[in-house]
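Read the figures in this text as sums done on the coordinates, not as results from a lab. Keep in mind the model is a prediction, meaning the values are calculated, not measured. Using ideal geometry, Cβ is built from the backbone for each residue, glycine included, and neighbour counts are taken over all protein chains shown.
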Ligand SMILES: [Zn+2]
């Protein structure tokens, strides 16, 4: 098997609603901060979207799509058949069906405009590059806010934009070349499904609705 070509897919991820991809509080000294923090760059504290979150969500949506030919078992694990389009592009976890991963999804950092917007908000409003949302958990018996019912969550504000950066590797093997157009279309379909569904947590409550703008596909030399 030989590596034939790299193709880059780039664009802008625009958050139409607030976005929540959870981080960890460990090591972060933030008295009065939210209980459920978002993932941030360890040095700049700026939020980003981990490539693994984007890739995992695209994969799970594509597996559910009837066109993928993926074999979804009841155990909820990713398809490991090694033959379907999802395994071919996203890789197969099953040892017996090892398939080279053809897609690299890089971490999405803020666009320059969004970084400037959040820095201004930090200076003017003192917020830590994120919104803090309080939510009540309602006690089902009394109908009132449960004991310590108020929980706080950090979210990336609606309107924030991140840079989408995907690389696709196309291979040549004895069985022929990878179908370039087919692979690109399949990844585009994943991005399309992502926009219909949601990214991150609390999608059923309206979080994580995104739109991808300025989508570009380019051959890399
Ligand atoms: Zn498969």
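At-a-glance table
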quantity	calculated
Pair list, Cβ under 7 Å, 6 or more apart: the stretch 60-75 residue farther than 22 Å from residue 199 by Cβ, other residue within 12 Å of the ligand (Cβ to nearest atom) and not in a loop (DSSP other than H, G, I, E, B)	69/85
Test result for residue 73, over 22 Å from residue 220 (Cβ atoms), within 11 Å of the ligand (Cβ to nearest atom) and surrounded by fewer than 19 Cβ atoms within 10 Å (Cβ to Cβ)	yes
Every residue from the stretch 76-101 that is under 19 Å from residue 183 (Cβ atoms) and more than 13 Å from the ligand (Cβ to nearest atom)	100
Residue satisfying condition, being under 21 Å from the mean Cα position of the chain (by Cα) and farther than 30 Å from residue 87 by Cβ, within set 206, 143, 190, 200	206
Boolean, residue 135 is farther than 29 Å from residue 61 by Cα and not in a loop (DSSP other than H, G, I, E, B)	no
The stretch 77-130, residues that are in a strand (DSSP E or B) and under 20 Å from the mean Cα position of the chain (by Cα)	92, 103, 104, 105, 108, 110
Some residue of the stretch 49-61 being more than 25 Å from residue 212 (Cα to Cα) and within 14 Å of the ligand (Cβ to nearest atom)	no
